[in-house]
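Report on the structure given below.
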Amino acid sequence: MSTAASSGIAGAARLEIDLGAIARNWRRLAQRAAPARCGAPVKADAYGLGAAQVVPALARAGCRDFFFAHPGEALAVRGLAPDVHLYALHGPTAAVDEMAAAGVIPALNTLEQVAVWRDAAKRAGRRLQAALHVDTGMNRLGLPPADFELLAREPDRLDGIDLVLVFSHLACADIPNHPLNAAQLAAFRRLRALFPGVPAALANSSGIFLGPEYCFDLVRPGAALYGINPLSDAANPMEPVVRLIAEVIQVRRVDAPDTVGYGAEHAVTGPSRIATVAVGYADGYPRSLGNGRGQALVDGERVPVVGRVSMDLITLDVSNLAEHRVQPGTEAILLGPGIDPDLIGTAAGTIGYEILTRLGPRYRRVYITDDSPAAPTR
Ligand SMILES: *Cc1c(COP(=O)(O)O)cnc(C)c1O
């Protein structure tokens, strides 16, 4: 086990990101999806965990296909891993010639984007790779089926473009019996057949668990890599990836009748001890977790967030813990096993994805790499 610290503000909470766990989650998903290839969405800075660290770690595990949202996100990590495909899901929306030069593969979501990329190939004087994104029912981004069919009928529109992937995206994969899943699968089967021989992809994290027929040639699990439960109705099969640990900076005795925090919203009803921890909504800790909705682990005990979440502070009611167990310097676990992003997301009225992608810039990030020697090859 080795750790490497990066960035952050002295005194701020420590965010531990287990790159070994991300790699093991990827292997688990890859095994489940096989013989389909397993890619990795790393948009939004790898769901807030750091694309510059996650991309090389997954490339070492064997991942070859990385999905970003914006072109600039893909360009920012070029050169960090050899022989990988970097896809920009939003398409050639900016820095088009730079994308072409760097070999970033755009998703083409509209006929206009197809024309932009064909012109880029002409300017570059060579063929360029691209993925075609067909919208099968999300009605958000991607070619409407009629435009996708038009491209199959008029292949000149794709002059100079080598298609390396045809894909679509599921709207309800986390709801296994939602009828839209089967409808999107049927639509995608019909549409991908218009480009025979081009690899196809449909499933996100939850989509992999809908069954092998959803996996096609390549899968794109994001959230599950980062420890979020891809199953809405069963225990989480993924390994936890993050731990957010903040030190208690003060412990206050508060006797009734009195109140804690802004707005005097938390009324103390008996002799209490309040532990103050230096994390707040400026760190992405949701303000909606105030007044008993958030929780933390202190010396193994679950304790509630009381009062409002401030910009830089939260207050925990630690009255149930003996005094010697909570002192200035005691660690409070705000995210980790037993207090995972899904739980905190639900408590905050959102989802684990949003909890991860809002993890703040002040945290001192520590990357844990499992550097146990590779099994000998025979
Ligand atoms: C974000 C995204 C994914 C990953 O979805 P998860 O639910 O995080 O697994 C897959 N495909 C596309 C097109 C995406 O935008």
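Just so you know, all these numbers are worked out from the coordinates, no wet-lab data involved. Keep in mind it's a predicted model, so treat the numbers as computed, not measured. Here Cβ is always computed from backbone atoms with ideal geometry, including for glycine, and neighbour counts include all displayed protein chains.
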Kirkwood hydrodynamic radius for the chain: how many Å is it when counted over pairs of different Cα atoms?
22.6 Å
From the backbone phi of segment 133-138, what are the Karplus-calculated ³J(HN,Hα) couplings (6.51 cos²θ - 1.76 cosθ + 1.60, θ = phi - 60°) in whole Hz, Gly and Pro given as x?
9, 9, 8, 9, x, 7
Taking the beta-carbon count within 10 Å as an exposure proxy, list D18, D83, D340 from fewest neighbours to most.
D83, D340, D18
Just to be sure I understand: with springs between alpha-carbon atoms less than 10 Å apart, which residue in A282, A33, A201 has the highest mean-square fluctuation in the Gaussian network model of the chain?
A282
Toward the positive end of the charge dipole of the chain, about the Cα centre and with charges on Cβ (Lys, Arg +1; Asp, Glu -1), which of P304, A256, P145 goes farthest?
P145
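Order the peptides 346-352, 67-73 from the highest to the lowest mean number of other Cβ atoms within 10 Å of their residues.
Ranking the peptides 346-352, 67-73 by packing returns 67-73, 346-352.
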Using only the alpha-carbon atoms, how far is helix 51-61 inclined from the longest principal axis of the chain? Give it as 0 to 90 degrees, nearest 10.
70 degrees
Restricting to Cα pairs under 8 Å and 6 or more apart, the percent relative contact order of segment 45-201 works out to 16 percent
I want to verify a result. In a Gaussian network model of the chain, Cα cutoff 10 Å, which of these has the top mean-square fluctuation: Q327, Q295, Q129?
Q327
The chain: angle of helix 179-192 to the longest principal axis, Cα-based, in degrees nearest 10
30 degrees
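At 222 nm, what helix-only mean residue ellipticity would the chain give, in deg cm²/dmol to the nearest 500, using -39500 (n - 2.57) for each DSSP H run of four or more? Before the final figure, lay out the partial values.
Numbers: 11 runs with 98 residues, N = 378.
Helices in the chain give a 222 nm mean residue ellipticity of -7500 deg cm²/dmol.
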